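> Can you keep this structure in mind? I'll have questions shortly.
Values in this text are rule-based calculations from the coordinates and carry no lab data. Computed from a prediction, not measured in an experiment: that's the story for all the values here. With ideal geometry, Cβ positions are generated from the backbone for all residues, glycine too; neighbour counts draw on all protein chains shown.
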Amino acid sequence: MTVVNSVSDDQKITPEIVNAMSVDVEEYFQVSAFSAGIDSRDWDTLSSRIEQNMETLFTLFDDHNVKCTFFTLGWVADRHKKLTRQIVDAGHELASHGYEHQRATTQTSEEFRSDVRRTKDILENAAGVQVSGFRAASFSFDTSNPWTHEVLAEEGYDYSSSVYPVRHDHYGVPNAPRFTYEPAGRKGAIEIPLSTVRFSRWNFPCAGGGYFRLLPYAVSRWAIRNIHQSDARPAIFYFHPWEIDADQPRVYKPGLKTRFRHYVNIETMKDKLDRVLTDFAWGRVDEVFCTKKDDPL
Ligand SMILES: [Zn+2]
């Protein structure tokens, strides 16, 4: 864990915990919640927004002097090699989000192995650095696929950030450890679970994404401070490039719940990110949790 000195509200110099910032690099039409209505074979016919959204994010992170981790789809890296190199050239960590956003819960161990191997190759060939981090589509590591961390380690990954210790209708392992752990009884990649705040006997999600858009900013700020004060640990935060893109084409009309989750407060997301980047210290996942950085191939 890294701490830096900073000036707090009362102007005293206090040690500040450095948190991990991450972005899941995928197009607006690749989210799991749209998969019922958009076939992955049609993805190439839809207009791409990833380069312009990533440009906005590079500028945002530059303005705050923040380096972060980009969990990138192999499908995106295949079509945007320059963008993939740009991530590394700007000092960020390039990591894997699988090839085409298939949930690990829908794959056999051999399908999962071939997916993470293929994606690692594509990313490493595009950017010329080793890729050591992985995040499963839709946080799809759960009790049904306990082999995932072992396969990741065998394929050369050091860590995963794919478990969300919450109760949710699409994902979540409510009883999973809240902080970095080695999967029990197995040699495998370490797991860095998405951040939660403990309240009574329950874990509440506070790692970004839809909850960050939905809730008032003050709630998220309180939750991150609570992790620092109660647990003395860094938080890990995530969001997607499409979450700052209010003008993204409406290519699919999902049900009300999915529509709400995808678009709620999308217009104010960039301002909220600006605040969270100002109020807390941030770094790459590998540097915050693994003290490791860009090994050449
Ligand atoms: Zn994703």
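> Run the simple label-point estimate for residue 270 and residue 175 please: 7 Å along Cα→C-beta, distance reported in nm.
Going from the residue 270 label point to the residue 175 one covers 4.5 nm.
> Please report the antiparallel percentage of DSSP beta bridges with both residues in the chain, rounded to the nearest 5.
35
> With unit charges on the beta carbons (Lys and Arg positive, Asp and Glu negative) and the dipole taken about the Cα centre of the chain, which residue among 61, 241, 220 sits farthest to the positive side?
Selected residue: 220.
> Just the C-alpha atoms of the chain: what Rg/Rh do they give, with Rh taken as the Kirkwood radius?
Ratio value, two decimals: 0.93.
> Based on alpha-carbon centroids, what's the gap between the stretch 84-132 and the stretch 257-286 in Å, whole number please?
23
> Now, a different point. Please give me the summed charge of the neighbours of residue 268: other residues whose Cβ is under 12 Å from its Cβ, Lys and Arg +1, Asp and Glu -1.
Surrounding charge for residue 268 is 0.
> Also, quick follow-up: Using helices alone, I'd like the mean residue ellipticity at 222 nm for the chain: each DSSP H run of four-plus residues gives -39500 (n - 2.57), total over residue count, nearest 500.
Rounded to the nearest 500, the figure is -9000 deg cm²/dmol.
> If you count, for each residue, the other Cβ atoms within 10 Å and average over each peptide, how do 254-261, 203-210 line up from highest to lowest?
203-210, 254-261
> Once the Cα gyration tensor of the stretch 99-163 is diagonalised, what are the square roots of 5 times its eigenvalues, in whole Å and ordered largest first, as equivalent ellipsoid semi-axes?
Taking √(5λ) for each eigenvalue gives 19, 12, 11 Å, largest first.
> Highest mean first, what order results for 269-279, 84-94 on Cβ atoms within 10 Å?
Result, highest mean Cβ count within 10 Å first: 84-94, 269-279.
> Here is a follow-up. Would you calculate the convex hull of the Cα atoms in the stretch 138-297 and tell me its volume per residue in Å³?
Residue-normalised Cα hull volume stands at 160 Å³.
> For residue 82 and residue 187, what does the FRET efficiency come to when R0 = 45 Å and r is the distance between their Cβ atoms, rounded to the nearest 0.05?
Values: r = 37 Å, r/R0 = 0.83.
Computed FRET efficiency for residue 82 and residue 187: 0.75.
> Relative contact order for the chain using alpha-carbon pairs under 8 Å, separation at least 6, rounded to a whole percent?
23
> When ranked by the protection proxy of mean other Cβ atoms within 10 Å per residue, highest first, what sequence do the peptides 100-106, 247-253 form?
100-106, 247-253
> Further question on the same structure: How large is the dipole of the chain about the Cα centre if only Lys and Arg carry +1 and Asp and Glu carry -1, each at its Cβ, rounded to the nearest 20 debye?
840
> Cα convex hull of the stretch 32-96: how many Å³ per residue?
It is 98 Å³ per residue.
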